[in-house]
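Following: one structure in structure tokens, then a few remarks.
Laboratory data are not the source of any read-out in this text; all were calculated from the coordinates shown. Note that this is a predicted model, so its numbers are computed, not measured. Methodologically, a virtual Cβ is constructed for each residue, glycine included, from the backbone with ideal geometry; neighbour enumeration extends over all protein chains shown.
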Amino acid sequence: MATDTLDHSVDHDGHHNETTDWNGGNEPWRASYGKLMMWYFLVSDAFTFAGFLIAYGTLRVMSPSWPVADFVFSTAPFNNLGLGHGVPLPLIFVTFMSFLLILSSVTMVRAVQEGHRENKDGVAYWMLLTIIGGAGFLGCQAWEWSNLIWTENMTVTINPFGTHTEKGVYLNADGTESTDVFKPGQGYLLHMAGAHHGDDHHEGPHYESTPGDYKGYAVNEGGFILKKYKVTEGENAGKVMSEVHGPRAFGGLFFFITGFHGFHVFSGVVFLIIIMLNVMSGVYEKRKNGYEMVEKIGLYWHFVDLVWVFVFLVFYLL
Amino acid sequence: MSSHSYEESIKLVYKGMWFLAAVTLIEVFFSLLGKGHIVAGWEDNYIVGYSTAFIIAVLSIYKAYFIIYEFMHMRYEAKGMAMSVLLPTGLLIWAVIAFFQEGNSWKERNDKIDNMNNGKFEQMAPKKESFNAKDTKVMDKF
């Protein structure tokens, strides 16, 4: 690194030579001010994200049930567009999103490496690929969000994803028992009454759209169809009940946590573009410090990837 | 960084890419395994559930370590600097454990209060005439 040659007061293990330490011009820990401060910014950011994710974990642990991730996130653009219509693809799309971020992290490392060689064109080229990766991730997230908001009707305060806690069998719309059985831990999605969604608008039964209690289902004030079912096992066996909304906190947690991460990706892309333009116009070439600015934005970009590892873990995998 | 030649370090980067992609695929595999998508019925076995969750968590932490040490070059930084970043962040593990404990305690209290309210354990069952979301007691608390 270029900074190594500037600083002779620090030996190989980072120990200081005390006679020159206080004369100024030294870089403690062999890291420049900017790089050090980037690290500490990332530490503070890690605490913010940890706060979010710990809140998610705590609320999840305290809830009697929680939406099943592989059921909630089982859609992808291609299975809504006719290819394998209605076939659940659990976690496939979000795995693809993870690959995009990993790839953009790799291209970022390459940009930093070319920076150390003072290869201007190389830095710009690999930064451009990184920007494309980041923008691709944002596009995927935009699709995921709009699918959840407009197709599945999830908002910050309304969660249509519920989970069964008992064994039972659904009733048909006319109140007779169907053959559709379920078991505890199985997820369900509440559909909007009157909306054309999923498989229901082809040959599905007709549901009233005004709120009220009907034979095989109910429609609540929010316009959601709450299908009725008969419990077949346990202390409520034989009782007819209707579906309920899932834990209300889920929507808020999802949109705030993935939104906060997405905002980090977005600002990262903006900074990458600015720095790439600076690279191309030769701003960092003149500084002769091995493109340290690229290294700093690289730290930030890897951090965004790092946070996604944990968002991916707690939201989608567990 | 400085100890490798240019060609070597490029090779290392692509190795890292395949490594991260492979670990991610393994994680997804274990996640789907624990949720019964690969072997039907396994989602009901809580031992499978806990062990897959544990494996996934360990793999994620390993991925994080790899990104920090290789991609962010923490391996090549001075030890004091690495510690000043990693030690405070490591304290979060304590926070995670403490808040899981806390969440569990909240759940137990909620269940207890519901039992006392209803005279018995009936947390998921709305009364027949109350089908509105606002009437389902437990779900409304959060």
Q: Measure nothing fancy, just the Cα-based angle from helix A:33-62's long axis to the longest principal axis of chain A, in degrees from 0 to 90, nearest 10.
A: 20
Q. Which residue, A:238, A:252, A:298, has the most motion in a Gaussian network model of chain A that connects Cα atoms within less than 10 Å?
A. A:238
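Given R₀ = 35 Å, FRET efficiency for residue B:45-residue B:7 by Cβ-Cβ distance, to 0.05?
It comes out at approximately 0.10.
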**Q.** Candidates A:126, A:39, A:308: whichever shows maximal mean-square fluctuation once chain A is modelled as a Gaussian network with Cα springs under 10 Å
**A.** A:39
Q: Calculate how large, on average over all directions, the projected area of the Cα convex hull of segment A:161-245 is; give the answer in nm² to one decimal.
A: 5.3
Q: Give me the orientation-averaged projected area of the Cα convex hull of chain A, in nm², one decimal.
A: 21.2
Q) Packing-wise, with mean Cβ within 10 Å as the measure, how do A:96-104, A:116-124, A:156-164 rank, highest first? A) A:96-104, A:156-164, A:116-124
Q. Equivalent-ellipsoid semi-axes (√(5λ), Cα gyration tensor) for segment A:165-318, whole Å, largest first?
A. 53, 18, 11
(Q) What does the structure give for A:308-316 when I average, per residue, the other chain Cβ atoms found within 10 Å of the residue Cβ? (A) 5
Q: Please go through the residue pairs A:183/B:63; A:286/B:63; B:35/B:63; A:296/B:35; A:215/B:107; A:35/B:63 and name each one whose alpha carbons sit more than 29 Å apart in this structure.
A: A:183/B:63; A:286/B:63; A:296/B:35; A:215/B:107
